[in-house]
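Visitor: One structure follows; several queries about it will come next.
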Amino acid sequence: GIVKTTVELIRQEATDRNIEIVIFTDENLPLISCDLSRVKQALLNLLVNAMDASIDGDTITITTEAEASYIGISVQDTGQGIKSDDIEKIFKPFYSTKTRGSGLGLAIVDRIVKEHGGEIQVDSAINKGTTFTLKFKAEHEYAEA
């Protein structure tokens, strides 16, 4: 699946940094009509951000779930969290709370999700971590993935 193949791209770096990546996938996910390479890019950007927010011993959890009319992919880190007044800014190009990187990661994620008619939700708590959830409309007329 798309989640496992994307995680494999950063699995080694995570291992090197002693960050655990856990995947919970819903076995009954319907197909989504999407550009796989673009969705992979969005997921990879979220994973890279989660890694950057993490320290030795942290865990990143990726969950996929099927709801009535959409599927959700969540990336949850146990990092430092995002201040609530920063959350609305993080999707703007070049805004970054990090000392390195372009600050384009989340702007690209936002654009990819919108291209697919989906939505993105952010849930964050200071010192507890952040969860980004990508929601894509399910295509029910196809056979299951």
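Visitor: Which of T64, T78, Y95 sits farthest toward the positive end of the charge dipole of region 9-95, with +1 on the Cβ of Lys and Arg and -1 on the Cβ of Asp and Glu?
Guide: Of the options given, the answer is Y95.
Visitor: In addition: Given 4 °C and 1.567 mPa s, compute D for the chain with the Stokes-Einstein relation, Rh being the Kirkwood radius over Cα pairs; round to the nearest whole µm²/s. Display every interim value, and only then the final one.
Guide: Values: Rh = 15.5 Å.
Estimated via Stokes-Einstein, D reaches 84 µm²/s.
Visitor: Something else: If one puts a single equal scatterer on every Cα of region 42-115 and applies the Debye formula without solvent, what log₁₀ I(q)/I(0) results at q = 0.13, 0.14, 0.23 Å⁻¹?
Guide: With one equal scatterer per Cα and no solvent, log10 I(q)/I(0) is -0.42, -0.49, -1.20.
Visitor: While we're looking at this one, here's another question. Label point 7 Å out from K137 along Cα-to-Cβ: which residues of region 31-59 have amide N under 11 Å?
Guide: Counting backbone N atoms under 11 Å from the label point, the list is 33.
Visitor: Moving on to the next point. Can you work out the Karplus-derived ³J(HN,Hα) for every residue in region 70-84? Use 6.51 cos²θ - 1.76 cosθ + 1.60 with θ = phi - 60°, whole Hz, and x for glycine or proline.
Guide: 8, 10, x, 10, 10, 10, 10, 10, 10, x, 7, x, 10, 4, 4
Visitor: Semi-axes of the equivalent ellipsoid for region 59-98, please: Cα gyration tensor eigenvalues, times 5, square-rooted, ordered largest first, whole Å.
Guide: Working: eigenvalues 120, 44, 15 Å².
Working from the Cα gyration tensor, I get semi-axes of 25, 15, 9 Å.
Visitor: Nothing charged except the Cβ atoms of Lys and Arg (+1) and of Asp and Glu (-1): what's the magnitude of the dipole of the chain about its Cα centre? Round to the nearest 20 debye.
Guide: On the way: 15 positive and 23 negative charges, 115 e Å.
Computed charge dipole of the chain: roughly 560 debye.
Visitor: Ignoring everything except DSSP H segments at least 4 long, calculate the 222 nm mean residue ellipticity for the chain; use -39,500 (n - 2.57) per segment, divide by total residues, nearest 500.
Guide: Numbers: 4 runs with 48 residues, N = 145.
Rounded to the nearest 500, it is -10500 deg cm²/dmol.
Visitor: So, one more: Tell me, what is the per residue accessible area of the chain in Å², probe radius 1.4 Å?
Guide: Values: 8180 Å² over 145 residues.
Ligands and nucleic acids excluded, the figure is 56 Å² per residue.
The values are calculated or read from the model by the stated rules, or taken from the named source; none is laboratory data. This is a predicted model, so every value here is computed, not measured. Cβ coordinates were reconstructed from backbone atoms using ideal geometry, including for glycine residues, and neighbour counts include every protein chain displayed. Ligands, DNA and RNA are stripped out before the accessible areas are found, and what is left, the full protein with its side chains, is counted by its heavy atoms. Shrake-Rupley method; radii C 1.70, N 1.55, O 1.52, S 1.80 Å.
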